[in-house]
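Have a look at the structure below, then the notes.
Since every read-out is calculated from the coordinates, none of them should be taken as a lab result. None of these values were measured; they are calculated from a predicted model. Every residue, glycine among them, receives a Cβ derived from its backbone with ideal geometry; neighbour counts consider all protein chains shown.
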Amino acid sequence: MFETNQSEPPRGTAARFDRRATERLAAMAAFAKVVELEGFSAAARDMGVSKSTVSKQIARLEDEMGARLLNRTTRRLSLTEAGLAFFQGALRVLAEAEAAEQTVTHLSTAPRGILKVNAPMSFGVRHVAPALPAFMKEYPELAVALDLNDRVVDLVEEGYDLALRIVRLRDSSLIARRLAPSRSILCAAPDYLARRGVPQGLEDLADHECLLYSYQATGDSWRFQGPGGERQIRVSSRLRANSGDALLQAALGGLGIVLLPSFICHEDVRCGRLVQLLPEWNERSGIDINAVFPANRNLSPKVRVFIDFLATRFGPFPYWDAGLSA
């Protein structure tokens with residue numbers, strides 16, 4: 001509603017591995033070019049480097065593998081048996097590297113591939129899932145993997161491109177973009193109000209059955225902002241739940257007054273199944289609906305267009321608040 005620790009490699013290990021892998025790939029490319037053009041000088045000219053650079057790369061390969069790759073004479077070069085086997089393998093590796101580079105380039109120039117998104121259950125079912133048909137029609141080369149749960153996922157460890165979070169954001173290594181405000185409203189079913197009366201002020205809530213969200217930060221109290229400033233009211237409850245939809249059903253069944261996000265209860269308020277109470281008092285939460293993604297990743301086109309799409313669809317005045325009292 002409303003992460004397995006693993007030991008890290010010594011600092012610098014990954015960087016040294018990346019450097020060695022890059023140097024090895026460059027040497028393999030130089031070797032393949034020497035074979036293709038039948039000479040060090042021709043290969044160096046084609047690659048835009050010096051002949052000595054190419055010679056050193058080939059010599060390093062031979063030293064590392066402990067085998068001669070080329071037979072060198074004053075007139076020509078020829079492959080040794082080991083050189084022929086290495087040449088065939090090098091061509092496969094270089095082709096795979098080029099294909100991988102082309103794939104990354106292809107994915108980074110337009111919204112393509114699989115977009116893996118995590119969202120809270122209630123908001124995801126009610127507002128993210130209904131938005132997907134229009135989004136996927138607009139971006140036919142994109143596939144979406146949507147996971148809905150109320151757990152705070154580790155985006156990097158679990159491979160998500162982004163997550164939607166409805167929280168008061170604290171300092172984090174994640175980058176956040178606000179998609180819409182999230183407001184909560186007091187409401188109750190007409191039959192409950194007929195039995196117990198309509199509260200005329202916040203202090204009256206102490207005499208009512210209230211339905212509480214299990215994980216709310218304020219425990220048994222609700223905090224409001226309104227006429228005269230900020231108020232905190234302690235309430236009592238016979239029912240607590242960790243699901244906004246469960247609390248909605250309890251309120252519709254006449255069990256008490258509930259403080260729910262408007263994105264959950266807006267339809268029931270608009271059609272009269274629930275009555276909005278004390279609209280001059282707003283929950284003091286500072287909570288927004290945010291898209292978050294890892295700061296150490298480039299914002300890929302698929303992530304950017306999805307965030308832009310949701311920001312436009314929800315906006316600073318989301319459709320679920322239309323027609324509700326301010």
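Sequence-distant or interchain residues sharing an amide H contact under 5 Å with Gly113, placed H: which?
Residues meeting the amide H criterion: Ala143.
Check the straight Cα-Cα distances from Lys51 and name the lysines below 28 Å, setting aside those fewer than 8 residues away within the same chain.
Within the straight-line limit of under 28 Å, Lys51 reaches these lysines: Lys33.
Can you give the alpha-carbon Rg of the stretch 184-283 over 2.2 N^0.38 Å, where N counts its residues?
Working: Rg = 12.2 Å, N = 100, 2.2 N^0.38 = 12.7 Å.
Here the Cα radius of gyration is 0.96 times the empirical estimate.
Do any GluC sites (Glu not before Pro) in the stretch 226-291 lie in a DSSP loop with no more than 15 other beta carbon atoms within 10 Å, and if so, which? Provide the component values of the computation, followed by the final result.
Values: sites: Glu230, Glu267, Glu280, Glu283; in loops: Glu280.
Those that pass, being in a loop and sparsely packed, are Glu280.
Using amide H atoms built 1.01 Å from N in the peptide plane, name the residues 5+ places from Leu70, or on other chains, whose amide H lies under 5 Å from its own.
Answer set, sorted by chain and number: Thr80.
Take the alpha-carbon positions of the chain, form their convex hull, and give its projected area averaged over all directions (one quarter of the hull surface) in nm². Don't skip to the end; give the middle numbers.
Values: hull surface 94.0 nm².
Across all orientations, the chain yields a mean hull projection of 23.5 nm².
How would Met65, Met136 line up from fewest to most surrounding beta-carbon atoms within 10 angstrom?
With the sparsest Cβ surroundings first, the list reads Met65, Met136.
Express as a percent, rounded to the nearest 5, the fraction of DSSP beta bridges in the chain (both residues included) that run antiparallel.
65
Can you sort Cys210, Cys265 from fewest to most other Cβ atoms within 10 Å of each residue's own Cβ?
Working: Cys210 24, Cys265 27.
So the ranking, lowest neighbour count to highest, is Cys210, Cys265.
Please list 3J(HN,Hα) in residue order for the stretch 259-276, calculated via the Karplus relation 6.51 cos²θ - 1.76 cosθ + 1.60 where θ = phi - 60°; whole Hz, with x for glycine and proline.
My calculation for the stretch 259-276 gives 10, 10, x, 5, 5, 9, 9, 4, 5, 5, 6, 4, 8, x, 5, 10, 10, 6 Hz in order.
Only bridges with both residues in the stretch 184-283 count here: give the DSSP antiparallel percent, nearest 5.
On the way: 15 of 21 bridges.
In the stretch 184-283, DSSP labels about 70 percent of beta bridges as antiparallel.
Considering amide H positions built from the backbone, and no H for Pro or chain starts, which residues 5 or more places from Leu239, or on another chain, come under 5 Å of its amide H?
Leu212
Of the trypsin sites (Lys or Arg not before Pro) in the stretch 113-208, which ones lie in a loop per DSSP and count no more than 12 other C-beta atoms within 10 Å?
Values: sites: Lys116, Arg126, Lys137, Arg151, Arg165, Arg168, Arg170, Arg177, Arg178, Arg183, Arg195, Arg196; in loops: Arg151, Arg168, Arg170, Arg183.
Answer by residue number: Arg151, Arg168, Arg170.
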